[in-house]
Amino acid sequence: MLSHVAEGVLTHESDFIQTQATVVLGQAGVLLVDPGITRAEMAALANDLRELGRPVVAAFSTHPDWDHVLWHPSLGEAPRYGTARGAASVTELLAMADWKEQVAEGLPPEYADEIPMELLGLITGLPEGTTHLPWAGPAVRILEHRAHAPGHAALLVEGSGVLVAGDMLSDILMPFLDLQADDPIGDYLAALDLFDSVADGVTAVIPGHGSVGGADEVRPRIAQDRAYVESLRDGRAPDDPRIGPSAPLDWLVDVHDWQVQSLAERG
C-alpha cells in the first residue's frame, strides 16, 4: 500500500478523493499523519507497518475535519496530536449529543458504512506556540496558520524537506476557505505566504487530497492557490482547471459557487 516519497517518508493514497496518509520513519516506529478513511484501508496500513517492524509511536491530525481525525484500533494507542485550536474544535464537536449525526451528514454515501467513528477526534492539543512535534524521530516542524479550518497546520519534515500540507496545495481541489473565520481570504493568503517562506527547502509536497508533487511543483501550486483566492477577493471568475470543463471532480463547481455566494453575503 505504501509509496516512497523521500528518504524516510511514505504515503498511502485512498480511493476517497485521493486522500493521502503520510508515514514518517523514526528510530522506534513511525509518525502517522491523517491516517486514512475506511476500516479496511487503515487495517491494511497497520499490517504493512507491522511487516516493516515499525509500529505507530505518534500521530498528527492536520486539522479537525472528520476525514483527518479518524483512527482504527489496529493502529495502536500512540498519542494522537493536533494543534491546540484544532483539538479544541473537534472536542467541542464531540461534546454535542448529536455529533455522530452531524458528522454523518458530511460522509460520502458510498463510503459511509466503511468509515470508523468509534475513535474519531480523540486527539491531544499541543501547547500554543509548539514549533516541533514531540516524538522520537526526524525533526518535524509545525506550520500552524489560519486557513481552511480552525487550527489547520502543515508539517515540514526538516531532514527530507517534505511538506505535508493538509488540505492545501492540491492539484485536484481548489482552496476551500474557512468561511466561519473573521477574514477567510486574508487568512488563506497569509498561509500561502508561510508556505512560500519555506518553499526553497521543500523537496516534495503531500496534499491532504490529490497527487504528491515534486520540488518543481511547490511554488506553482502556491501560485495557483493564490490566484484562485485573489479572484474570490477581487470578484473575478477564476481561471482554474480544477473547476474548469476538464475538472476531475464535477461537484467542485458547486463548492466554488457556494464560496462566492457566502463571501458576497458577508459583504
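The values are calculated or read from the model by the stated rules, or taken from the named source; none is laboratory data. Please read these numbers as outputs of a predicted model, since none were measured by experiment. So basically every Cβ, Gly included, is an ideal-geometry build from the backbone, and we count neighbours across all protein chains shown. To get the accessible areas, we keep the full protein, side chains included, count just its heavy atoms, and leave off ligands, DNA and RNA. Shrake-Rupley method; radii C 1.70, N 1.55, O 1.52, S 1.80 Å.
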Roll a 1.4 Å probe over the protein heavy atoms and report the accessible area of His209 in Å², nearest 10. 10 Å²
Here the stretch 205-211 yields Karplus 3J(HN,Hα) values (6.51, -1.76, 1.60; θ = phi - 60°; whole Hz; Gly and Pro given as x) of 10, 10, x, x, 9, x, 8
Rank Val198, Ser170, Gly267 by how far each Cα sits towards the positive end of the charge dipole of the stretch 141-267 (+1 on Lys, Arg Cβ; -1 on Asp, Glu Cβ) and give me just the farthest. Val198
Normalised Cα Rg of the stretch 75-152, dividing by 2.2 N^0.38 Å with N its residue count, works out at 1.26
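Output needed for the stretch 110-267: three equivalent-ellipsoid semi-axes, defined as square roots of 5 times the C-alpha gyration tensor eigenvalues, in descending order, whole Å.
Numbers: eigenvalues 136, 76, 60 Å².
Sorted largest first and rounded, they come to 26, 19, 17 Å.
The chain: percent of C-alpha pairs farther apart than 33 Å? Please report the intermediate quantities before stating the final value.
On the way: 5516 of 35511 pairs.
Value for the chain: 16 percent of Cα pairs lie more than 33 Å apart.
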Quick one: Cα centre-to-centre distance for the stretch 143-172 and the stretch 190-209, in angstrom? 7 Å
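For the stretch 59-129, what is the charge dipole size about the Cα centre, in debye to the nearest 20, if Lys and Arg each add +1 at the Cβ and Asp and Glu each add -1 at the Cβ?
Details: 3 positive and 12 negative charges, 74 e Å.
The calculation lands at about 360 debye.
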Cα axis of helix 184-198 to longest principal axis of the chain: angle in degrees, 0 to 90, nearest 10? 50 degrees
Report, by chain and number, residues whose modeled amide H sits under 5 Å from the one on Val56, excluding near sequence neighbours (fewer than 5 apart, same chain). Val30
What are the ³J(HN,Hα) values, in whole Hz, obtained from phi via the Karplus relation 6.51 cos²θ - 1.76 cosθ + 1.60 with θ = phi - 60°, for each residue of the stretch 21-38 in sequence order, with x given for Gly and Pro? 9, 10, 10, 10, 7, x, 5, 9, x, 10, 9, 10, 10, 6, x, x, 10, 9
Can you find, among Met117, Ala28, Leu10, the residue sitting farthest towards the positive end of the charge dipole of the stretch 1-130, where Lys and Arg contribute +1 and Asp and Glu -1 at Cβ? Ala28
HN-Hα couplings for the stretch 68-78 via Karplus (6.51, -1.76, 1.60; θ = phi - 60°), in whole Hz with x for Gly/Pro, come out as 10, 10, 8, 7, 9, x, 5, 7, x, 10, 5
Taking H placed 1.01 Å from N in the peptide plane, check which residues at least 5 places from Tyr81 or on another chain put their amide H under 5 Å from its amide H. Ala59, Phe60, Ser61, Thr124
About its Cα centre, how strong a charge dipole does the chain have in debye, to the nearest 20, once Lys and Arg get +1 and Asp and Glu get -1 at the Cβ? 700 debye
